[in-house]
Amino acid sequence: MSWQWMSKPLLGAAAIFIVLLLARPSAADDPPAPVIEAPAASVDTGAHCRSEAISPLAAPTPTTLVQFKTSPFPYDGEIPADGGRFLDYTKDGKRGHTSPRGFLHLEEEAYSDRRSLLYMPAGFDLSRPEHALLMVFFHGNFARLHQDVDLRQRVPLQLAKSGLNAALIAPQFAVDIADSSAGSFWQPGIFEQYLAEAAEHLAALRGDPCTRAIFDRLDVVLVAYSGGYDPAAYALAVGGADRRIRGVILLDALYGETDKFDKWIGEAVGGEGSGFFFSAYSDSSRAENMALRHSLTEQGIKTEMSSHPLQLKKGIVDFLFAGSGIDHRGFVTKAWVTDPLKAVLSAIEGFRAASKSVEAAHPINPRVGPPERPIALSPSIAARAPHIRAMTSTLPAPPPPAEAPTVGTVLPALHEEKQ
């Protein structure tokens, strides 16, 4: 077989291959490959919740102490005021802190409780989240959550009687001593993290995890009594939850950090802000309240001195002098009226709970009647105190410590009224 004879079919095949190659479009002419986008991260809004999970509660949840991972204490960071370490001494191998009044307190006794008190009244309704709130309560000095916030000051009961559509969260700060330290709430963003964890615990307490996403976006009303001013000021200044804070209520609580409250009011209440601010005070904190009001007036922010039925809504800045001789320690339960916290919460507009009798709303005192309308204040409220008394003079010796309930247990009901 000759080479010439074999070359003919080979040359023909090569020609066909070249024609096909030239006919093929170039890479530049190829249509672009389809872009496959990663599915967007799903945002849990709680929309998938069953109606039973978000409808008004037929009965209250128990007042319960829950252990938190994000909590004010323990804390071993810096003190913002001076940059010093919070745990500044060691005794017998145990660390502690020197309080602002010069007393030494061991960490394990005063600064290690991670618990918060949680509660939801009967009628609490999540079906319309824009009309529901989280009420965050910051206690004062010489306080334990069960003994003082729940039993002595009756904070859960006053919330239930107010008719406010809100769930209660109350973190433990320094335990039963004279110290207003904010602990980890001094640090940027920690208060926001605390609220996120609280949403998880509240959903568990409500009995349906799907509600966590709803709790995590509810607006917040921040209530501080006495020494609670310090964590409240830092929650507003660096807490990271600005967009959620609807209002601030101070109950004889303005003893410092006035500039932080001043700044928050200017940004969140003044101008086009949607928040409100209310501060009721006795002789004890009168000087700081007058200083704050004067500063706001100079900035052109309108303020009120309450001598009318309270109305707390967008743009309101209200100060109320409770009168001379009011006991600072009993301010949460008896000031210008009995149960002043209930009176103030009743005045918050736009967040009413489903109508329920207080007998169904809280098991502590079934003899109490239904929630009252906002209370008209006595003309005597406008009286002026002749002098300012120091805060320390209003604080009696702390009561003997009570045995702390175990975590997660239902707290016992109050069987007698205590001031």
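A simple spin-label model places the labels of Lys314 and Arg352 2.0 nm from each other, with each point 7 Å out along Cα-to-Cβ. Projecting the Cα atoms of Gly247, Ala196, Met120 onto the charge dipole of segment 63-394 (Cβ charges, centred on the Cα centre) puts Met120 farthest toward the positive pole. A Förster radius of 51 Å, combined with the Cβ-Cβ distance separating Glu78 from Arg128, puts the computed FRET efficiency at roughly 0.75.
Once both labels are positioned 7 Å from their Cα atoms along Cα-to-Cβ, the gap between Lys263 and Asp327 label points is 3.8 nm. Estimated from the Cβ-Cβ distance and a Förster radius of 22 angstrom, the FRET efficiency linking Val337 and Glu304 is about 0.80.
The stretch between Ala196 and Ser55, if pulled fully straight at 0.36 nm per residue, gains 48.6 nm over its current Cα-Cα span. Taking Cα centre as origin and charging only the Cβ of basic (Lys, Arg, +1) and acidic (Asp, Glu, -1) residues, the dipole magnitude of segment 63-394 rounds to 860 debye.
Measuring between their Cα centroids, segment 275-316 and segment 218-259 lie 14 Å from each other. Summarising the label geometry, the points placed 7 Å from Cα in the beta-carbon direction at Ala287 and Glu108 lie 4.0 nm from one another.
Going by the alpha-carbon gyration tensor, a ≥ b ≥ c the square roots of its eigenvalues, is segment 134-178 rounded (a/c under 1.5) or, if a/c is not under 1.5, prolate (a/b greater than b/c) versus oblate? Judged from the Cα gyration tensor, segment 134-178 comes out prolate (a/c at least 1.5, a/b above b/c).
Each reported figure results from applying straightforward, stated rules to the coordinates on display, with no laboratory input. All values derive from a computational prediction rather than experimental measurement. Positions of Cβ are generated from backbone atoms using ideal geometry, with glycine treated the same way; all protein chains shown enter the neighbour counts.
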